[in-house]
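Some notes on the structure that comes next.
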Amino acid sequence: MLDHLIRGATVVDGTGAPSYTADVGIRDGRIAVVAPPGTVTEEAGTSEDATGLVLAPGFVDPHTHYDAQLFWDPYATPSLNHGVTTVAGGNCGFTLAPLHPGRPADADYTRRMMSKVEGMSLVALEEGAPWSWSSFGEYLDALEGRIAVNAGFMVGHCALRRYVMGEDAVGGQPTPAQLDEMLALFHEAMEAGAWGLSTTQSATHSDGDGKPVASRHAGPAELLALSRAVAAHEGTQIEAIVAGCLDQFSDEEIELLVAMSAEAGRPLNWNVLTIDAAVPERVPRQLIASERAREAGGRIVALTMPILTPMNMSLGTFCALNLIPGWGEILGLPVPERIAKLRDPGVRAEMLRRAGSKEAGVFRRLAHFGRYVIGDTYSTANEGLTGRVVQDIAAERGQEPFACLIEICANDRLRTVLWPMPTDNDPASWALRAETWQHEDVLLGGSDAGAHLDRMCGAPYTTRFLGDCLRGRKLMGLEQAVKMLTDDPAQLFGLRERGRIEEGWHADLVLFDPERIDAGKATLVHDLPGDSPRLDSRAIGINAVWVNGVETIREDVVTGAVPGTVLRSGRDTRTVSTK
């Protein structure tokens, strides 16, 4: 007997093949039957008519930071609402495990680091997760049986360093004995099911004390030793971030990434490839790394987002503006001093110069202050400004846009919410994206879901992209678009029997209305532990989502079921060799 029968669906199976109409039956967590409409004779516990609806494999998000959120939100919202059934976590070198059992303060350090570097609520981290583990395996066990999505995790380089070196992890180099201990700890994590190594060398990644995170102090020898360790385990990967990920790689960075992938004999992915026709040299420069890796026996995959993800800013709290060269020291001052500095014409001129310079890299796009839209305001002086564009207000007031923006924010004691309009929403940039997506070493993803919670909401990229493909720019056909969200990331990670609709495969499925599928506008909600805020987005046109054959979403509402699996390397992933 079937558990559930979906009748008359338009099946887009994830392979890129043309869609077809079929009845799809689920039994014991697997796809039991895919057959022409009306030909399934086996009884089913429940059934539904899916005429006119598309049935696709569940979407696979290759870059999230749900490591902590899954403890208080086992549904990984809003990703699950938008059809994501499998998430990859533990990225960018940051994981909650391992934690040294003899140093309870390490947990506090980790929470403060995650709050700073990944924009997670410190209160939510403190109150929402049990922090009951020491080893990486114990962390995975703490999630087992209580999540609604399938989730796999890299092990973070920062946690490995902190466990072995303590406070010396920031600024220090391991002794030969410490490196051996780090490698042993890493092997232990992968034997427990970690997907591989994640690390960061990015200049934007600082801990809760404002110091470069631990992995930024690692030299090439340490990174290559860890990469070689990856090769000893089945179904493993590398994920790495370097400073050049934000704009353009240096020669040294390309050499390092190529060597890491080649030493491991495993794919290495990085994020995020920013595609902008105004900077045409960026994409070919970044993809040189992939070309060199193939020549050396490795593979480097660039993640890129198929949508423009809105991100809000503020002069009052840490955000991307702090990462513009020279801005951090000003925006880190106490508010009264900060306002005084920002009102100084000389200071503003220097800030604008630095923001528009080549050293600002991808953050140059934030320097068009006339194109900012005013969000929430908090003073009577700013009444009526919400939703207005700064350049229009500046013109009315006879001010330069940046000076105008500063005065608006100063009226709110810098609490004003700012929304920069994207500078790369032009036809040439979209044409360049469509071309770049076809590259064999470019993969859609990089949502950062679970991180930067009150600043951005990348989780809905799946539904927004499909809606754009079906009713918007139509840069991809439906079958290819679904493949890019399902089978392509599943193949990169070597997921066993996930990412396609095939008999015998895991029943991770999403049923949606092609006439409606989309994502709602991001709105601020207060539903984290401690009433902390985050941005959320409603899924439109998603009828149902199944994880391992169990319905988890119906009409954008979670069912309460937690059928997800902690995906462990080797057992749930196969080796994707580059040799």
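The values are calculated or read from the model by the stated rules, or taken from the named source; none is laboratory data. Every value quoted in this text rests on a predicted model; they were computed, and no experiment measured them. Ideal geometry is used to build each Cβ from the backbone, glycine not excepted, and the neighbour counts take in all protein chains shown. We work out accessible area using only protein heavy atoms, side chains counted, and drop any ligands, DNA or RNA first. Shrake-Rupley method; radii C 1.70, N 1.55, O 1.52, S 1.80 Å.
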With the first residue restricted to the stretch 140-154 and required to be touching a residue at least 12 places away in the same chain (Cβ under 8 Å) and outside any loop (DSSP other than H, G, I, E, B), and the second required to be open to solvent by 10 Å² or more (accessible area, probe 1.4 Å) and of a type in the set (K, R), Cβ contacts under 8 Å at 6 or more apart or on different chains are L140/R568; N150/R498; G152/R568
The stretch 339-367 - residue that is part of a loop (DSSP other than H, G, I, E, B) and at pLDDT 95 or above and, of those, most open to solvent (accessible area, probe 1.4 Å): R343
Within the stretch 13-61, can you find the residues that are out of contact with any strand residue (DSSP E or B) (no Cβ under 9 Å at 6 or more places or on another chain) and not small (G, A, S)? T15, P18, T41
Which residue pairs have Cβ atoms closer than 8 Å, lie 6 or more positions apart in sequence or on different chains, and pair a first residue in the stretch 99-113 that is farther than 10 Å from R162 by Cβ with a second residue that is surrounded by 14 or more Cβ atoms within 10 Å (Cβ to Cβ) and among the charged types (D, E, K, R)? R111/E126; R112/D207
Which residues, taken from the stretch 414-440, are more than 15 Å from D276 (Cβ to Cβ) and in contact with a Lys or Arg (Cβ under 7 Å, 6 or more places away or on another chain)? L414
Out of the residues in the stretch 527-574 meeting the condition of being open to solvent by 20 Å² or more (accessible area, probe 1.4 Å) and aliphatic (A, V, I, L, M), tell me which one is nearest to G29 (Cα to Cα). V550
Under 9 Å between Cβ atoms, at least 6 apart or on separate chains: pull out the pairs that start in the stretch 15-26 with a residue that is at negative phi and end on any residue that is acidic (D, E) and part of a strand (DSSP E or B). G25/D3; I26/D3
Give the residue that is surrounded by the fewest Cβ atoms within 10 Å (Cβ to Cβ), with candidates limited to residues of the stretch 370-401 that are of a type in the set (D, E, K, R) and part of a loop (DSSP other than H, G, I, E, B). E383
Exception for R112 within (1) more than 23 Å from the chain's Cα centre (by Cα); (2) more than 23 Å from I542 (Cα to Cα) falls at (1)
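I want to confirm something. Restricting to the stretch 140-166 and keeping residues that are of a type in the set (K, R) and open to solvent by 10 Å² or more (accessible area, probe 1.4 Å), which single residue is farthest from E191 (Cα to Cα)?
Top of the filtered list is R146.
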Kindly indicate whether any position in the stretch 431-439 is part of a loop (DSSP other than H, G, I, E, B) and without any contact (Cβ under 8 Å) to a residue 24 or more places away in the chain. yes
If I filter the stretch 275-314 down to residues being open to solvent by less than 30 Å² (accessible area, probe 1.4 Å) and among the hydroxyl-bearing types (S, T, Y), which single residue comes out as nearest to V442 (Cα to Cα)? T304
Report the residue count in the stretch 12-48 for those that are surrounded by fewer than 23 Cβ atoms within 10 Å (Cβ to Cβ), within 30 Å of M476 (Cβ to Cβ) and among the β-branched types (V, I, T). 4
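Could you pull out every one of the strands (runs of 3 or more DSSP E) wholly within the stretch 2-84 that has 1 or more residues that are within 20 Å of V149 (Cβ to Cβ), at pLDDT 95 or above and touching a helix residue (DSSP H, G or I) at 6+ places or on another chain (Cβ under 6 Å)?
Details: elements: 2-11, 20-27, 30-35, 44-49, 54-57, 59-61.
By residue number, 54-57, 59-61.
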For residues that are open to solvent by less than 60 Å² (accessible area, probe 1.4 Å) and charged (D, E, K, R), tally how many sit in the stretch 503-526. 3
If you go through A203, A194, A229, the only one that is part of a helix (DSSP H, G or I), at negative phi and not aromatic (F, W, Y) is A229
Do we find that R216 is touching a strand residue (DSSP E or B) at 6+ places or on another chain (Cβ under 9 Å) and not aliphatic (A, V, I, L, M) in this structure? yes
